[in-house]
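What follows is calculated from the coordinates using simple rules that are stated; it is not laboratory data. Note that the structure is predicted; figures quoted are calculated from it, not measured. Every residue, glycine as well, gets a Cβ built from its backbone with ideal geometry; the counts of neighbours run over all protein chains shown.
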Amino acid sequence: MPKYDLISIFPGYFSALDLSLIGKARASGLVNISVHDLRDHAGGIHKSVDDTPYGGGAGMVMSPEPWGKAIDEVATSQANHLVILTPAGKKFDQAMAQEFASFEHLIFACGRYEGIDHRVTEFYSSQPQFIVHEVSIGDYVLNGGEVATLVMLEAIIRLIPGVLGNPESLAEESHTLTVEGEAIVEYPNYTKPVEWRGLSVPEILLSGNHGAIKAYRTQEAVKRTQNRE
Ligand code: SAM
C-alpha cells in the first residue's frame with residue numbers, strides 16, 4: 001500500500017483527507033496517510049521553526065534542523081521520494097501525477113513563511129535513499145504548501161487502482177485523452193433533462209450512433225483544447 005507522510009506546522013489542514021474518495025481509500029486500506037507536526041521537532045519553549053534570512057530581506061525562513069529531524073523520522077530504508085513544495089519547483093501536471101502514483105513512499109514537506117532553508121533540498125538530494133522533487137502547483141504564491149499537497153494527493157490517489165469506482169473513467173479524462181499523440185481536454189458533458197432554460201443537449205448525443213458521437217466528442221474536445229491556448 002502506498003504511504004504518504006505529510007509534514008506541516010498546520011496538520012489541521014489535512015482533515016479534508018478523511019472525506020470522499022480519499023477518506024474511503026484510507027478506510028479500505030488502499031493508501032496510508034500520516035500527518036506530522038513539524039513543531040514536534042522544534043526546540044525551545046516557543047517551539048520556533050523559523051529564523052531571519054541570511055543576507056537580509058523580508059520575512060522569515062524555515063530552519064533546517066526541525067525539517068531534518070522530521071524527515072529522518074519518517075524515512076524508510078526503501079526509496080524515499082521527498083516532495084518539497086515551492087513556487088520555484090517543477091510544475092505539477094497529469095504526467096507527474098501518473099509518475100507519483102507509482103511510488104510506494106512520498107514525503108510532502110509543506111513550507112511556510114519565505115520557504116524552507118535550501119540546505120534541506122541540497123542535503124537530501126545527496127542521500128542515496130532519497131529522491132528529491134521540488135514541485136509547484138502553478139505560477140502563483142500560496143501562503144503554505146498544505147493546499148498544494150492536497151491538490152497533488154487528490155490527483156495522485158485517484159489514479160491508484162481500486163480508488164475510483166469505475167476505472168474506465170480515467171481513460172476518458174482531460175490530459176489523458178490524446179488526439180494524434182497530443183493530450184487534449186475532455187469534451188463537454190450533458191445529462192437529463194434534454195431541455196434546460198431554453199438550451200438543448202446536442203442532437204447527436206441522442207442519436208445512439210456511437211461512431212458519430214465519438215467523432216463529435218473528439219471534434220469538441222479539440223476545439224476546447226485550442227480555446228485554452
Ligand atoms: N518566498 C517564496 C517564493 O517567493 O518563492 C514563497 C514562499 S510561500 C509564501 C510559503 C510556502 O508556500 C512555500 O515554501 C511553499 O511550500 C508553499 N507554496 C506557495 N506557493 C506554492 C506553489 N505555487 N506551489 C507549491 N507550493 C507553494
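Defining a contact as two alpha carbons under 8 Å apart and six or more residues distant in sequence, what relative contact order in percent does region 73-190 show? Answer for region 73-190 is 30 percent. In degrees, nearest 10, range 0 to 90: what is the angle between the Cα axis of helix 210-228 and the longest Cα principal axis of the chain? The answer is roughly 50 degrees. Look at the alpha carbon pairs under 8 Å that are at least 6 residues apart: their mean separation over the length of the chain gives a relative contact order of 19 percent. Segment Glu122..Gln78, full-extension length gain: 13.9 nm, with 0.36 nm per residue of separation and the alpha-carbon distance subtracted.
Evaluated at q = 0.09, 0.17 Å⁻¹, the base-10 log of the normalised Debye intensity for region 51-187, with identical point scatterers placed on the Cα atoms, takes the values -0.33, -0.98. Basic side chains Lys and Arg get +1 at the Cβ, acidic Asp and Glu get -1 at the Cβ, and with that the dipole of region 103-229 about its Cα centre reaches some 420 debye. In terms of the mean number of neighbouring beta-carbon atoms within 10 Å, the peptides 44-54, 4-14 order highest first as 4-14, 44-54. Rg/Rh for the chain (Cα atoms only, Rh after Kirkwood) is 1.07. Near Gly162: Cβ cut-off under 15 Å, other residues only, Lys/Arg at +1 and Asp/Glu at -1. The net charge is +2.
Full extension of the segment from Leu170 to Ser28, taken as 0.36 nm per residue of separation minus the current Cα-Cα distance, would add 49.1 nm. Per the Cα gyration tensor, region 181-229 maps to an equivalent ellipsoid with semi-axes of 22, 15, 7 Å, ordered largest to smallest. Rounded to the nearest 20, the size of the Cβ-charge dipole of the chain about its Cα centre is 520 debye, with Lys and Arg at +1 and Asp and Glu at -1. Counting only DSSP beta bridges with both residues in the chain, the antiparallel share comes to about 20 percent.
The base-10 log of I(q)/I(0) for region 119-213, evaluated at q = 0.11, 0.17, 0.21, 0.23 Å⁻¹, reads -0.63, -1.08, -1.21, -1.22 [Debye formula, identical scatterers on Cα atoms, solvent excluded].
Computed extension gain for His46 through Val179, at 0.36 nm per residue and net of the alpha carbon distance, reaches 42.2 nm. On a per residue basis, the convex hull of the C-alpha atoms belonging to region 79-160 measures out at 79 Å³. For the chain, the mean residue ellipticity at 222 nm estimated from helices alone is -9000 deg cm²/dmol, where every DSSP H run of n ≥ 4 contributes -39500 (n - 2.57) and the total is divided by all residues, rounded to the nearest 500. For region 20-104, GluC sites (Glu not before Pro) are listed when DSSP marks them as loop and at most 15 other Cβ atoms sit within 10 Å of their Cβ; the list is Glu104.
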